[in-house]
Protein chains: 2
Amino acid sequence: MGGADQVRITRRSSMTANGDNVKENHGGDTRNLPVDAVINLDHGDPTMFESYWRKVGDECTFVIKGFESLSYFSNPNNPCWFLEPKLEEAIKNLHGAVGNAVTDGYSIVVGTGSSQLLQAVLFAVTTSLEHASQINVLSPAPYYSSYPEIVDLVKSGLYKWAGDAHEFDKDEPYIELVTSPNNPSGVIRGSVVNREGGVLVHDLAYYWPQYTPITSSLDFDIMLFTASKCTGHAGSRVGWALVKDKEVAKKMIKFMEVNTIGVSKEPQLRVAKILQVIAERCKRFGSPEGDDFFEYNKSLLTERWEILRETVKKTQMFTLPKYPLQHCNYTGDVTQAHPAFAWIKCKEGIEDCEKLFRDHKILTRSGRRFGSDPGFVRVSMVGRDEEFKLFIDRLSMI
Amino acid sequence: MGGADQVRITRRSSMTANGDNVKENHGGDTRNLPVDAVINLDHGDPTMFESYWRKVGDECTFVIKGFESLSYFSNPNNPCWFLEPKLEEAIKNLHGAVGNAVTDGYSIVVGTGSSQLLQAVLFAVTTSLEHASQINVLSPAPYYSSYPEIVDLVKSGLYKWAGDAHEFDKDEPYIELVTSPNNPSGVIRGSVVNREGGVLVHDLAYYWPQYTPITSSLDFDIMLFTASKCTGHAGSRVGWALVKDKEVAKKMIKFMEVNTIGVSKEPQLRVAKILQVIAERCKRFGSPEGDDFFEYNKSLLTERWEILRETVKKTQMFTLPKYPLQHCNYTGDVTQAHPAFAWIKCKEGIEDCEKLFRDHKILTRSGRRFGSDPGFVRVSMVGRDEEFKLFIDRLSMI
């Protein structure tokens, strides 16, 4: 399974050729950035993937006529009546092609991104458990910074955010959010509480070959995925849950009915097309043109991580997590992780790492936001090329 | 402003020509319905509008390339950073062309349908009010059947469903949902509580010329609209709120960020195109081809209501609401309402109207669900032609 170097060369030249023609609204235009521009690496806006989709061309163009998809319903024969059959099929095909999750015997529930599905899970699980007070929702620190906000948004009487799973010592039912690979730290995780009366929710947004070695096809009870992190189509807001228990799936569907009366059809149909193209191109792994989505973008991320590690080594100001070498069933390589975020620790004595970066016009997310130490920051690795280059230039000067 | 009869003739012949070619998933295929098929008029699935969009043709075809709209962001310069600028412009143009709501000085917040925006409003208003216990949310019966479910879904500590506004007698802060025209009854409504400490939310989903005379351009503090009922694109899940108070709008945006990280781009861009086409065609009011969206569909609804009223008159089993004749600023006619739902009352002695219809293979929604009497049912008037015809056939035989 060689050819990666050649892929990288082809890709780089095509990126340079295309990069300057793009014009589009996003969180600050990063093309032709002035040298003193503030660069925003706080969000994980996955615009890095644009170069691949530009290369694919018309094969992924989505067209819908004015009279199509007027109805609320996508498939009256599915309990998840708002799930487009084409999306369901594409999800199964892609997991099959990648080998990262089992879909046989699972119900698929579609959501407006995976955040909404997480809320659907909380609703489904807590209305099934007989318990007088709110169910504790936990995740081990550092945990995804949005979890506390999502859980406590409307002060639900069904559940509440109970913080760091490492510190949970109550003899009460709980839901543990297992984020693997973890956001922000990129490490593979299992559950930490391991007690009676617990329900595990696996947030697998980053369990794709561009980020991490695929070591097995997972078959947990509740697994969440999202197009944002898989394909880069964050603007489409399409997520999916693979759910083993049909009753849990039914209640999640109920939540989706009441919260937003299902999920928009257009992004479902568009993402279906995109997932099918990715699944189809998995067969072209190793092609010199870099046709395979995961191979192409893994190569991009590998290069960025190599540059970041070299820069960090030179500055002697920071440390980065180390990831184990593992055999990836998808690529066939022994490789380490190249996460979507860098979880950077400042050297001893620097108390506010986020401030240090901000003083150098780099916006990051403080470790504090992840229930962790302000000596850490999370930095997006999936922005546009120019942005990444400017980040590296500035980092080397700190 | 004549031409309506001619429009009707043109329309009917084109519908017959096209109607049989359609194949699409929805809540049960209603084309070529077997004579004994159960017909579902429980939902307000607005498939009636398909005939107009089919007639418009390619002008409304939406195309998006694989590399477009990857980012979470639509417009970083707008506090509502996930609102597509084209949709914002189209919303303003359409309200301007129709004259049903003021947009100058309002913040526009986009949602995944208007149900999500209602939740955003509840969050925004209740986190602004200083009050120890849950804020009461009310609406006068008969009220939209989903309101209680939406409000109490996750047993929020911020607000609770407090039922029929007519019966509200507590000296506590409240939010009154003013649905006008009302779902299910089609009548124009004002607030009923009219007390200190109240916040009004105007749900104006049906305040469009195909359903009701437009008597003024409304300028309430919080107004909710949705593409589902305006254009018929229910599958797109696009709603919008016009909000006078910038702080309320900001908190609504916060809710949208946490609940679904904004709103899918594809349906926003598609609906933007559709609203612009409607606004543009408002100038062709009265054309013999029936180019104007509202005129065409008002004509369809008028015809259906005439047929329904005739049938009801013959059976002597039911009564229908009477709507006042009013001058519509949009059409220039003096006209009555032709609502999206028929709110049907069974004659004395029939206690369960929904069961009576079910026995005749017509699924409707019981008055009970609207906080009202089981002697009423709500019947959708916006389904496909075949469905409506079958409904009338069966109604005449009850």
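The values are calculated or read from the model by the stated rules, or taken from the named source; none is laboratory data. Values in this document were obtained by computation on a predicted structure and should not be read as measured data. So basically every Cβ, Gly included, is an ideal-geometry build from the backbone, and we count neighbours across all protein chains shown. Note: accessible area is taken over every heavy atom of the protein model, side chains too, but ligands, DNA and RNA are not part of it. Shrake-Rupley method; radii C 1.70, N 1.55, O 1.52, S 1.80 Å.
Ordered by residue, what ³J(HN,Hα) values in Hz, to whole numbers, does the range B:360-370 give under the Karplus form 6.51 cos²θ - 1.76 cosθ + 1.60, where θ = phi - 60° and Gly and Pro are x?
So the Karplus estimates, Gly and Pro as x, are 9, 6, 10, 8, 10, 10, 5, x, 3, 5, 9 Hz.
Would you pull out the residues with amide H under 5 Å of B:G286's amide H, same chain only if 5 or more places away, H placed 1.01 Å from N?
Correct list: B:D292.
Please report the relative contact order for the range B:218-376, taking Cα pairs under 8 Å with a sequence separation of at least 6, and give it as a percent rounded to a whole number.
Computed value for the range B:218-376: 11 percent relative contact order.
Rounded if a/c is under 1.5, else prolate if a/b beats b/c, else oblate: with a ≥ b ≥ c from the C-alpha gyration tensor eigenvalues square-rooted, which is chain A?
Oblate shape, in that a/c is at least 1.5 and b/c is the bigger or equal ratio.
How much accessible surface does A:C230 have with a 1.4 Å probe, in Å² rounded to 10?
A:C230 has an accessible surface of roughly 0 Å² with all protein chains in place.
Using only protein heavy atoms and a 1.4 Å probe, report how much of B:L33 is accessible, in Å² to the nearest 10.
30 Å²
Enumerate cysteines in chain A without a disulfide-compatible partner, where compatibility requires another Cys Cβ under 4.7 angstrom.
A:C60, A:C80, A:C230, A:C282, A:C328
On a 30 Å Cα-Cα criterion, which of the cross-link pairs B:K160/B:K250; A:K160/A:K313; A:K283/B:K65; A:K314/A:K361; A:K86/A:K160; A:K55/B:K229 come out too long?
A:K160/A:K313; A:K86/A:K160; A:K55/B:K229
Heavy-atom accessible area per residue, the protein assembly as shown, 1.4 Å probe: how many Å²? List each step's numbers first, then the result.
Values: 29820 Å² over 796 residues.
On a per-residue basis, the protein assembly as shown sits at 37 Å².
Ignoring ligands, DNA and RNA, how much accessible area is buried between chains B and A, both sides summed, with a 1.4 Å probe, to the nearest 100 Å²? Could the numbers behind the result be given before it?
On the way: alone 17820 and 17870 Å², together 29820 Å².
Approximately 5900 Å², summed over both chains.
Can you work out ³J(HN,Hα) from phi for every residue in the range A:235-245, in order, using Karplus 6.51 cos²θ - 1.76 cosθ + 1.60 and θ = phi - 60°, giving whole Hz and x for Gly and Pro?
Once rounded to whole Hz, the list reads x, 7, 6, 10, x, 9, 10, 9, 10, 6, 8.
Which of the three applies to the range A:196-281, rounded, prolate or oblate, going by the alpha-carbon gyration tensor with a ≥ b ≥ c and a/c under 1.5 meaning rounded?
In terms of gyration-tensor shape, oblate.
Excluding same-chain residues fewer than 8 positions from A:K246, which lysines have a Cα within less than 18 Å of its Cα?
A:K92, A:K254
Output wanted: per-residue J couplings in Hz (rounded whole) for the range A:341-352, from phi through Karplus 6.51 cos²θ - 1.76 cosθ + 1.60, θ = phi - 60°, x for Gly and Pro.
10, 9, 9, 9, 10, 7, 5, 3, x, 8, 7, 10
Please report the carbon-and-sulfur percent of the accessible area for chain A; probe 1.4 Å, protein heavy atoms only, DNA, RNA and ligands left out.
Carbon with sulfur: 50 percent of the solvent-accessible area.
Would you tell me the mean number of C-beta atoms belonging to other protein chains that fall within 10 Å of each C-beta in B:35-43, as a whole number?
Values: counts 0, 0, 0, 0, 0, 2, 0, 0, 4.
Neighbouring Cβ atoms belonging to other protein chains average 1 per residue here.
Please list, in chain and number order, the residues 5+ apart from A:I175 or on another chain whose amide H is under 5 Å from its amide H, with Hs placed from the backbone.
A:N136, A:V137, A:L138, A:V199
For chain B, what does -39500 (n - 2.57) per DSSP helix run (n ≥ 4), summed and divided by total residues, give at 222 nm, in deg cm²/dmol to the nearest 500?
Estimated from H runs of four or more residues: -11000 deg cm²/dmol.
Specify whether the C-alpha gyration tensor of the range A:94-156 places it in the rounded, prolate or oblate class, a ≥ b ≥ c being the square roots of the eigenvalues: rounded for a/c under 1.5, otherwise prolate if a/b is larger than b/c and oblate if not.
Prolate is the answer for the range A:94-156, as a/c is 1.5 or above and a/b outweighs b/c.
Compare the Cα positions of B:L117, B:L320, B:L390 along the charge dipole of chain B (+1 at Cβ of Lys, Arg; -1 at Cβ of Asp, Glu; about the Cα centre) and return the one farthest towards the positive end.
B:L390
Taking the alpha-carbon centroid of each part, what is the distance from the range B:266-323 to the range A:230-253 in angstrom?
So the separation of the two Cα centres works out to 36 Å.
What order do you get for A:97-105, B:81-89 when each peptide is scored by the mean count of other beta carbon atoms within 10 Å, highest first? Could you put the intermediate results ahead of the total?
Working: A:97-105: 17.3, B:81-89: 20.7.
Highest to lowest by the protection proxy: B:81-89, A:97-105.
With an 8 Å cut-off on Cα pairs and a minimum separation of 6 or more residues, tell me the relative contact order of chain B in percent.
For chain B, the relative contact order is 25 percent.
Taking H as built 1.01 Å from N, whose amide H comes closer than 5 Å to the amide H of A:T335, not counting residues under 5 places away?
Answer set, sorted by chain and number: A:Q326, A:H327, A:C328.
Tell me the relative contact order for the range B:85-281 as a rounded percent, counting alpha carbon contacts under 8 Å between residues six or more apart.
Relative contact order, the range B:85-281: 32 percent.
Mind checking the dipole of chain B: about its Cα centre, +1 per Lys or Arg Cβ, -1 per Asp or Glu Cβ, Debye to the nearest 20? Display every interim value, and only then the final one.
Details: 46 positive and 51 negative charges, 105 e Å.
Approximately 500 debye in magnitude.
Which positions within the range B:207-244 get 10 Å² or more of their accessible surface covered by the other protein chains, compared to the chain by itself, with a 1.4 angstrom probe?
B:K229, B:G232, B:H233, B:A234, B:G235, B:S236, B:R237
Using a 1.4 angstrom probe on the protein heavy atoms only, line up A:L41, A:L218 by accessible area, largest first.
Details: A:L41 5, A:L218 30 Å².
The residues order as A:L218, A:L41, largest area first.
Hey, how many Å between the Cα centroid of the range A:361-381 and the Cα centroid of the range A:151-202?
Value for the Cα centre distance between the two parts: 21 Å.
At B:E196, label 7 Å along Cα→Cβ: distances to the other copies, nm, ascending?
5.5
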